[in-house]
1. Residue farthest toward the positive end of the dipole of region 2-194, with Cβ of Lys/Arg at +1 and Asp/Glu at -1: which of L118, A78, Y15?
2. Compute the acute angle (0 to 90°) between the alpha-carbon long axis of helix 196-217 and the principal axis of greatest extent of the alpha-carbon atoms of the chain; round to the nearest 10°.
3. With +1 on the Cβ of every Lys and Arg and -1 on the Cβ of every Asp and Glu, and nothing else charged, how large is the dipole of the chain about its Cα centre, in debye rounded to the nearest 20?
4. Tell me, how many Å apart are the Cα centres for region 257-329 and for region 7-22?
5. Exposure proxy check: I5, I163, I327, I266 ranked by fewest other beta carbons within 10 Å?
6. Would you work out the relative contact order for the chain, in percent, from Cα pairs under 8 angstrom that are 6 or more residues apart?
7. Say R0 is 22 Å: what FRET efficiency, to the nearest 0.05, do K267 and E319 get from their beta-carbon distance?
8. Give me, ordered by chain and number, the residues 5 or more places off I5 or on other chains with an amide H under 5 Å from its own placed amide H.
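Each value in this text was obtained by applying a stated rule to the coordinates, not by laboratory testing. All figures in this text were calculated on a predicted structure; none of them were measured in a lab. Quick reminder, even Gly has a Cβ in these numbers, built from the backbone with ideal geometry, and neighbours come from all protein chains shown.
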Amino acid sequence: MHVAIVGAGALGLAYGVWGAGHCDVSFVVRRNAPRGGVRVEQVGRTKERAREVRQLASVRASTEVAPEADVIVVTVRADQLASALASLATGSGAASDAPVVVLTPMMPAAYLKARALLGNRLRAAMPGVVAYLAETGADGGAERGSGDLRVRAWFPAAAPTFIDELRGTADQQTTLAALAETWSAAGLATRFAMGVHEINPATTAAFIPLTMAVDVAGSLDALVADAALLDLAVRAADEGLALGARLGQVAPWAALMTRLARPSLIKLGVAVARRSAAEACGYVDGHFGRKLHAQNVAMATELVELAKERGEAHAALEELRARLASISS
């Protein structure tokens with residue numbers, strides 16, 4: 001099997017390198033293509049020790065999908081998704097009929113546009129991997145030298161990769177089943193589930209207001225030190241959870257996290273995490289503390305519009321969107 005991965009940020013590299021021992025992998029990259037090898041380290045108990053390490057001595061990367069690709073996996077940011085899918089829809093060659101598995105969260109409007117472009121080639125998915133470039137503390141978008149890239153990744157056993165279980169052609173179904181089997185054999189547990197295209201935006205709406213607040217503050221510590229912003233984050237998360245329930249089934253972990261996210265518990269959780277999971281806190285600071293700013297502004301705007309359409313409360317979401325928009329990216 002040949003898997004073409006669109007995007008070579010930390011998430012795409014983690015999936016590509018981890019699965020490379022069980023399938024051929026290539027990357028579709030518009031800029032900042034890896035120039036050397038890639039080393040992916042599964043996060044262990046300490047930052048100095050990895051549970052497992054896998055690496056590629058070199059990376060096959062191009063601006064076009066490899067013609068022999070059996071399946072295409074999209075890992076770009078949400079604000080880059082429309083252009084990425086448009087290029088896949090207009091592509092030609094042997095891979096032009098390949099199923100397209102999108103790990104990027106798609107809100108309802110984005111999903112409908114993607115379906116219009118790709119038809120039953122499209123499969124929404126939810127990643128079961130969290131990763132960052134160790135050199136930068138965030139995934140993708142960094143200046144890359146000629147040396148090897150080092151990616152740190154978590155592969156939570158309780159959070160497999162989910163792919164939407166939709167009807168397609170017999171060839172598409174066979175290919176997607178082979179992808180799930182290949183990834184699972186590589187240690188990337190993958191399952192099919194109904195309604196992933198609804199679960200993903202519902203879950204995103206529930207928890208993303210909290211991470212947007214980290215963007216506004218600049219870091220977790222700055223967020224918990226700002227009582228007014230922390231209160232806004234909690235109120236926006238409550239509105240996001242209510243909106244998410246209107247969009248689909250919110251993943252249980254996200255619903256529980258949002259319900260428990262009160263200012264005092266957030267402060268306690270950050271204090272404990274700084275001592276017991278410093279690397280995870282560093283990931284949150286680097287990944288959500290302005291790196292995803294453009295995506296956050298676009299997503300906040302979409303959440304507000306969705307809340308208006310569905311008749312849901314959105315005052316806190318609107319205030320959070322305004323705070324995000326006032327920051328220079």
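1. Positive-most Cα among the choices belongs to A78.
2. 50
3. Roughly 520 debye for the chain.
4. Comparing the Cα centres of region 257-329 and region 7-22, I get a distance of 27 Å.
5. The fewest-first ordering by Cβ neighbours comes to I327, I266, I163, I5.
6. Numbers: 640 pairs, mean separation 54.0, N = 329.
This gives 16 percent for the chain.
7. 0.55
8. Here the answer is S26, F27, V28, V73, since their amide H atoms fall under 5 Å of that of I5.
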